[in-house]
1. Just to check your reading of the model, which residue among GLY27, GLY34 is within 17 Å of PRO162 (Cβ to Cβ) and at pLDDT below 95?
2. For the list (1) part of a helix (DSSP H, G or I); (2) open to solvent by less than 40 Å² (accessible area, probe 1.4 Å); (3) at pLDDT below 95, I need the number of the one condition that HIS16 fails.
3. Failed condition for PHE79, given (1) modelled with pLDDT under 90; (2) open to solvent by 30 Å² or more (accessible area, probe 1.4 Å), with all others met?
4. May I ask you to list the residues in the stretch 49-61 that are open to solvent by 60 Å² or more (accessible area, probe 1.4 Å) and not in a loop (DSSP other than H, G, I, E, B)?
5. Could you grab me the full set of residues in the stretch 135-181 that are in a loop (DSSP other than H, G, I, E, B), hydroxyl-bearing (Ser, Thr, Tyr) and within 16 Å of the chain's Cα centre (by Cα)?
6. Six or more apart or on different chains, Cβ under 9 Å: which pairs go from a residue in the stretch 56-67 that's under 16 Å from MET116 (Cα atoms) to one that's open to solvent by 30 Å² or more (accessible area, probe 1.4 Å) and part of a loop (DSSP other than H, G, I, E, B)? Could you list them?
7. Give the residue that is modelled with the lowest pLDDT, with candidates limited to residues of the stretch 98-117 that are under 17 Å from ILE57 (Cβ atoms) and either among the aliphatic types (A, V, I, L, M) or out of contact with any Ser or Thr (no Cβ under 9 Å at 6 or more places or on another chain) (or both).
8. Quick check on PHE140: is it aromatic (Phe, Trp, Tyr), open to solvent by less than 70 Å² (accessible area, probe 1.4 Å) and modelled with pLDDT under 85?
Amino acid sequence: AQKQVKCFFISIRVKHLLSHTSQYKPGEVFRYSGARFGYLEEVIKDATGKSFGELFIERIIIPLSLINTAPSLWTDSTFHPETTNLFPGVHQRLAKPYRLRQNNKIAKSEYIMGFMVAGGLVTTVHDMAGYNIALDTNFFFDELTSKRIYSPFISTKGDSLPYGLGWFVQDSYNLRILWHY
C-alpha cells in the first residue's frame, strides 16, 4: 500500500516580511525577526537588479544629501569600491564605542559590522532629522502608501498587531506614535 502525502504550500508575501508575520501561518501572529526581514534583500534584488545598499544610496542618501550617513563598517560585498568613496571621512568621525562590562567597568567596544535590510547604518542627529522630514512629507511614498505603512497590521484573525509595515505603531492619548529600536 502506498502512503498518500499531502503537500501544503505556504505563500509568504512581502507584507508578511514587512509586518513580521511570516513565521507561523503568514499574517496571523506578530513575531519580530530581523533575520526574516533580511529576506527582503532578495526580493529587492530580484525586482530591481540592484542590491538594497545600492538603492539605499541612490534613492535615500544622495537625494536627501545625507552627507554624514553611511553604511556601517561592512565586511561583505554589498558595496563596491566606487560606492564606498561616496562616504569620505564618515567612519573616521564616528564616536568611539564603549560598553559596560559585567563587573561595571567601562571597556572599549567595536561597532557592529555589516549593512543589510534589517540594519547597519551610521548617521548623525542632523541627517536623521532630514530623513524624518522626508518621511513626514511623503518624499518617498504617496499618502495612501504612507497610511498603510504607518497603520497597525491587521492579522488574518482580525487582530490589530503592534507593528505596521516596518514600524512599531502605537496610539496613545489620540496621538499615533511610530517607533523602532
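The values are calculated or read from the model by the stated rules, or taken from the named source; none is laboratory data. Being a predicted model, the structure only gives us computed values, none of them experimental. Here the Cβ is made from the backbone with ideal geometry for all residues, glycine too, and neighbour counts use every protein chain on show. Side chains are part of the model used for accessible areas, which takes the heavy atoms of the whole protein and leaves out ligands, DNA and RNA. Shrake-Rupley method; radii C 1.70, N 1.55, O 1.52, S 1.80 Å.
1. Working: GLY27 fails: at pLDDT below 95.
Residue meeting the stated conditions: GLY34.
2. Against the list (1) part of a helix (DSSP H, G or I); (2) open to solvent by less than 40 Å² (accessible area, probe 1.4 Å); (3) at pLDDT below 95, HIS16 comes up short only on (3).
3. (2)
4. Taking the stretch 49-61 as the starting set, the residues that turn out to be open to solvent by 60 Å² or more (accessible area, probe 1.4 Å) are 50, 58-59.
Residues satisfying the conditions are GLU58, ARG59.
5. At the first step, the residues of the stretch 135-181 found to be in a loop (DSSP other than H, G, I, E, B) are 137-142, 150-153, 155-159, 161-162, 164-167, 173-174, 180-181.
Checking the rest, the ones that are also hydroxyl-bearing (Ser, Thr, Tyr) come to 137, 150-151, 155-156, 173, 181.
TYR150, TYR181, listed by residue number.
6. Taking only residues 6 or more apart or on different chains, the pairs are ILE57/LEU86; GLU58/LYS50; ARG59/PHE140; ILE60/PHE140; ILE61/ILE67; ILE61/LEU86.
7. Step one: filter the stretch 98-117 for residues under 17 Å from ILE57 (Cβ atoms), giving 114-117.
From what is left, the residues that are either among the aliphatic types (A, V, I, L, M) or out of contact with any Ser or Thr (no Cβ under 9 Å at 6 or more places or on another chain) (or both) are 116-117.
On the way: MET116: 80, VAL117: 84.
Ranking the qualifying residues of the stretch 98-117, first place goes to MET116.
8. Against the criterion (aromatic (Phe, Trp, Tyr), open to solvent by less than 70 Å² (accessible area, probe 1.4 Å) and modelled with pLDDT under 85), PHE140 does not qualify.
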